[in-house]
Amino acid sequence: MTTAGHPPARPAPASVPEPAPTADQATKDAMSNATTVSPAHSASTASTLITNIAALVTNDPSLGDNSPLGLVQDAAVAIEGDRVVWTGDQSKAPATDNRVDAGGRAVVPGFVDSHSHLVFAGDRTQEFNARMSGRSYSAGGIRTTVAATRAASDAELEANVTRYLREALHQGTTTFETKSGYGLTVEDEARALRVAAAHTDEVTYLGAHIVAPEFAEDPAGYVALVTGEMLDACAPYARWIDVFCEKGAFDGDQARAILTAGKAKGLHPRVHANQLSYGPGVQLAVELDAASADHCTHLTDADVDALANSRTVATLLPGAEFSTRAEWPDARRLLDAGATVALSTDCNPGSSFTSSVPFCVALAVRDMGMTPDEALWSATAGGAAALRRTDIGRIAPGAYADLTLLDAPSHVHLAYRPGVPLVSGVWRRGERVL
């Protein structure tokens, strides 16, 4: 769960639920497997009541109109402590001394950004400008950021993470995952994860982002480092392990060795899969029960079928396609097949320098074949599923009270009014933070 300045106690690497038989079941679990509110924490003792909500998205069909969004009109939400304890028609709302008037606006779950790269230094403006201007550019891409990150102090990395988290919070993000991957030495990967772990429980070890420059002629040696000394140093700070399974990065055998070593240390897999070309990433993700296969731009029918019949979430990152003018992922194809889809920012300095989930929602609706309802669900409950969480991404009794108030009467405005700063209030774990 995201914190800003006051991190929660770090849990041990989280255990992962038993596999569900189908993606449909994973979706159902992410939407409806809430903690039951005990009598001692009933709605009658709610400490905050948000009322006069024009349209409330709960992501629980049983609480609203039986759609996946569980939409409730003329609604209210009761919060006690850090949890939601009641939702429903405002005419039936429990009494409380602390009432907040939503002013006829929409309320949606806080966005769950399940894929980002926030621990970095430096800038790649020239690279982006050249790409958008149709000019060739010979700078080092990820390696440019690696050099800048290695040279940065801990305080500089901390300041950057804090800045981008503030940006994300102002755009409604209440939970985020972030990765290492711009250090590529034992010391720099470990310190990146220490910085990240001060802000979120959803920390991912990505020593296998690319082969470190020092190992350019010895990729096998770098894989040995990533699965050995570097893993030992990084595992205490992380919940997840990731690998960029792609031509020019790590092949299927290397990726399997890296992820398997991480699992042995208690880290659960995520995979950068099938972004630039067809490849083994998606199939490997499903084989290893990865929580997510991320990017999923180039998919065979077998890849789509594998995702649809597993609990591995297809996390789509439209900011990357926007920033590189690459082919858009086909969200419609995945959804129609029954796969669970998440939307995330992929915030990073090279290929998707945005912290705005609403922007990604608008892109997904405009260019990836998603409806406004599907895009919002994927950016909230879908992101929660990609993190194997059922306590976020929903506004339902037992879930954390993570809510985003929109300056609009409907969530559809996220796509209808792209680029407009619609977030006018944010609650995180029951506290109004914006």
Mind running the shape call on segment 200-248? Use the C-alpha gyration tensor, a ≥ b ≥ c as the square roots of the eigenvalues: rounded below 1.5 for a/c, prolate if a/b tops b/c, oblate otherwise. oblate
Spread of Cα-to-Cα distances over 10 Å intervals beginning at zero, given as percent, for segment 81-198: 11, 29, 25, 16, 12, 6, 0
Whole-Å distance linking the alpha carbon centroid of segment 72-106 with that of segment 199-239 is 45
Please give the helix 357-367 orientation as an angle from the longest Cα principal axis of the chain, in degrees from 0 to 90, rounded to the nearest 10. 80
Roughly what percent of Cα-Cα pairs across the chain reach past 31 Å? 36
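Would you calculate a helix-derived [θ] at 222 nm for the chain, using -39,500 (n - 2.57) for each DSSP H run of n ≥ 4 and dividing by the full residue count, to the nearest 500? Don't skip to the end; give the middle numbers.
Numbers: 16 runs with 143 residues, N = 434.
So the calculated ellipticity at 222 nm is -9500 deg cm²/dmol.
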Gain upon complete extension [Asn129, Glu229; 0.36 nm per residue less C-alpha separation]: 32.2 nm
So how much slack lies between Asn52 and Glu431, counting 0.36 nm per residue of separation and subtracting their Cα-Cα distance, in nm? 134.6 nm
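Within the set of other residues whose C-beta is less than 12 Å from the C-beta of Gln275, count the net charge using Lys and Arg as +1 and Asp and Glu as -1. Present the calculation step by step, with values, prior to reporting the outcome.
On the way: positive: Lys247; negative: Glu246, Asp294, Glu321, Glu327, Asp346.
Net charge around Gln275: -4.
Run the numbers on the chain and let me know its relative contact order in percent, using alpha-carbon pairs under 8 Å that are six or more apart. Could you put the intermediate results ahead of the total?
Details: 1088 pairs, mean separation 93.6, N = 434.
It comes to 22 percent, rounded to a whole number.
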Heavy atoms of Trp86: accessible area, 1.4 Å probe, square angstrom to 10: 50
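Which value, in debye to the nearest 20, gives the size of the charge dipole of the chain about its Cα centre, when Lys and Arg are +1 and Asp and Glu are -1 at the Cβ?
Numbers: 34 positive and 51 negative charges, 143 e Å.
In total the dipole reaches around 680 debye.
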Over the chain, give the accessible area per residue in Å² for a 1.4 Å probe, as an integer. 37
Going toward the positive end of the dipole of segment 247-337, with +1 on Lys and Arg Cβ and -1 on Asp and Glu Cβ, which of Pro329, Leu299, Val313 do you reach last? Val313
Pick out, in residue order, every one of the trypsin sites (Lys or Arg not before Pro) in segment 117-179 that is DSSP loop and has at most 11 other C-beta atoms within 10 Å; say none if there are none. Arg135
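What is the gain in length, in nm to one decimal, between Asp251 and Glu327 on full extension, counting 0.36 nm per residue of separation less the C-alpha to C-alpha distance? Kindly include the intermediate steps, with their values, before the conclusion.
Working: separation 76, 0.36 × 76 = 27.36 nm, distance 2.19 nm.
Gain on extension, Asp251 to Glu327, equals 25.2 nm.
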Could you give the longest part of the chain that holds none of the GluC sites (Glu not before Pro) found in DSSP loops with at most 12 neighbouring Cβ atoms within 10 Å? 1-216
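With Cβ to Cβ distances under 15 Å as the rule, what net charge do the other residues near Phe359 carry (K, R +1; D, E -1)?
Spelling it out: positives minus negatives among the neighbours equals -3.
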GNM flexibility winner over the chain from Ser292, Ser91, Ser62 (Cα, springs under 10 Å): Ser91
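What's the lysine pair count for the chain at a Cα cut-off below 29 Å, pairs eight or more apart or interchain?
Details: Lys28/Lys92; Lys28/Lys179; Lys28/Lys263; Lys179/Lys247; Lys179/Lys263; Lys179/Lys265; Lys247/Lys263; Lys247/Lys265.
Counting lysine pairs in the chain gives 8.
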Trypsin sites (Lys or Arg not before Pro) in segment 280-363 lying in a DSSP loop, each with at most 10 other Cβ atoms within 10 Å of its Cβ, come to Arg325
Specify the residue with the greatest mean-square fluctuation among Asp336, Asp305, Asp391, computed from a Gaussian network of the chain linking alpha-carbon atoms under 10 Å apart. Asp336
Please give, to one decimal in nm, the separation of the simple spin-label points placed at Arg150 and Asp218, each 7 Å out from Cα toward the Cβ. 1.5
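Could you tally the net charge around Ala331, taking each other residue with its Cβ under 12 Å from the Cβ of Ala331, Lys/Arg +1 and Asp/Glu -1?
Numbers: positive: Arg332, Arg333, Arg366; negative: Glu321, Asp330, Asp336, Asp367, Glu374.
Charge balance in the 12 Å sphere: -2.
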With the dipole of the chain worked out from charges on the C-beta (+1 for Lys and Arg, -1 for Asp and Glu) around the Cα centre, which of Gln275, Ser351, Ala216 lies farthest toward the positive end? Ser351
What percent of all Cα-Cα pairs in segment 221-310 falls into each 10 Å bin, going from 0 up to the bin containing the maximum distance? 18, 51, 26, 5
Nearest-0.05 FRET efficiency for His170 and Lys263 at R0 = 25 Å, using Cβ-Cβ distance, is 0.10
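The values are calculated or read from the model by the stated rules, or taken from the named source; none is laboratory data. Predicted, not measured: the structure shown is a model, and the values here were computed from it. Neighbour counts are summed over all protein chains in view; Cβ atoms, including those assigned to glycine, are modelled from backbone coordinates with ideal geometry. Protein only, heavy atoms only, side chains kept; ligands, DNA and RNA dropped before computing areas. Shrake-Rupley method; radii C 1.70, N 1.55, O 1.52, S 1.80 Å.
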